[in-house]
Amino acid sequence: MYSRKIILAALFGLVTAAPKPQRINISALKELSTPSVLGPDLAAISATASSYDPSKAASAAAAAIATDPVTVQKRTVDIHYAKRAACEREPGGTGPIPGDGTVNDYLAIDGPLARAALNAPTPSGYTKSFTNLHGSTQQIGYLTFFTMPGTDYDVEGCAARCNSDSYCYAFNIYYERDPAVDPSIDCPNPAPATNIKCSLYGYPVTAGTATNTGQYRGPPDANGQAFHVVIAGSNGYTKLTATPVPDPLANFTGPSELLRGAIDAPLDNGVDTYLGMRLYNDGPYDPTQCAAICEAQNAYNRATANNATGTYKPCNFFNSYILVKNEVPQGTYCGFYTRTWGNEYADNVGYQDGEDVYTIEESYTFFRTVPDSGRL
């Protein structure tokens, strides 16, 4: 495995012999809806285990081909939390309260929360993606979160949570200024409590993903002030060595790592081997969705084949990677082909479209162990 990095250096043009459709499909990205859950709810203290189910995701991807070989179906996740009575003490809140607990105390650049984040160690196997921001990560690939027990800014404990989830590639740990009791008309703008949260993601995190800067909760007090939830000491960490494929995929051989970028295949004796692409953002980086599409596409092509020729274009090979826009992950990109192509054809390293820079990360290929002949 190689050190995790976003491939930014070259931004080469594509090989001139390659069919243009292999370029990153920006239209598909623009048409993709955003998942409903991108991070922990600010009102939540606990969450269930990761809601991502790879089997269900693969089944949903395959089912979309049977009805429409182009459109990708989306799933959303809705998390519900039990309502509490007015002025009831909120759970958690074991983290340290800086100074008098004002918003300025939480956000002080030389305060104890900032110092804890700045001095935090980087766990083994990770690189620090950002340090001491005033926002928590909101992005695709959100898995779950934990409120850390005790008063410590426990980076190692958060890393252990990520390591225990096979789809976790990064985490965000931060202090959150929360109300000590549920704000209501009877107790507006209550005293603060501090929760130390650890959120897990199925894609790398960057400073550009730390966009959740807080909110106001409850009615205003006599001075016109509602309780202000803020984020402090927010650090992000991403795994150094990637393990993007949980297990070998049924019916496929791989993964084979592409060190340069994504496949940009030339014509094969005048024949275009490229079949098309899919992009998924409703879960972590997961090539099993690509495999499910390849299998379903073969069934679809076989069922709709031209009986006069007795042939169809089979899916025998795919390239999966993380599509990154302006250093923020956009989803799992799948490119499908009728035949295998090697690392020497991984010439698609991304490009610039206006002010947007598109790059490629964690690029792997798989091929059918027993090739589909493309004949009825």
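All of the numbers you see were taken from the coordinates with simple rules; none came from a lab. What you are looking at is a predicted structure, and each value in this text was computed from that prediction instead of being measured. FYI the Cβ positions are ideal-geometry reconstructions off the backbone, even for glycines, and counts take in every protein chain you see.
When the residues of segment 260-287 are filtered to those that are touching a helix residue (DSSP H, G or I) at 6+ places or on another chain (Cβ under 8 Å), of a type outside the set (A, V, I, L, M, F, W, C) and assigned to a loop (DSSP other than H, G, I, E, B), which remaining residue is farthest from residue 324 (Cα to Cα)?
Step by step, filter segment 260-287, then rank; the result is 266.
How many residues does segment 149-175 hold that are surrounded by fewer than 22 Cβ atoms within 10 Å (Cβ to Cβ) and over 20 Å from the mean Cα position of the chain (by Cα)?
7
Only one of these conditions is not met by residue 372: (1) charged (D, E, K, R); (2) in contact with a Pro (Cβ under 6 Å, 6 or more places away or on another chain); (3) more than 18 Å from residue 252 (Cβ to Cβ). Which number is it?
For residue 372, the exception is condition (3).
Does any residue of segment 316-334 turn out to be charged (D, E, K, R) and surrounded by fewer than 19 Cβ atoms within 10 Å (Cβ to Cβ)?
yes
Which count do you get for residues in segment 288-306 that are assigned to a loop (DSSP other than H, G, I, E, B) and touching a Leu at 6+ places or on another chain (Cβ under 7 Å)?
1
Quick one: what pairs do we get from segment 156-171, first residue of a type in the set (A, V, I, L, M, F, W, C), second part of a helix (DSSP H, G or I), C-beta under 8 Å, 6+ apart or different chains?
Sorted first by the residue in segment 156-171, then by its partner, the pairs are 168/161; 168/162; 170/162; 171/158; 171/159; 171/161; 171/162.
Take the residues in segment 186-210 that are among the β-branched types (Val, Ile, Thr) and buried (at least 24 other Cβ atoms within 10 Å of the Cβ), then tell me which one is farthest from residue 126 (Cα to Cα).
Filtering first and then ranking leaves 196.
Of all residues in segment 275-320, count the ones that are without any contact (Cβ under 8 Å) to a residue 60 or more places away in the chain and among the aromatic types (Phe, Trp, Tyr).
Final tally of qualifying residues: 2.
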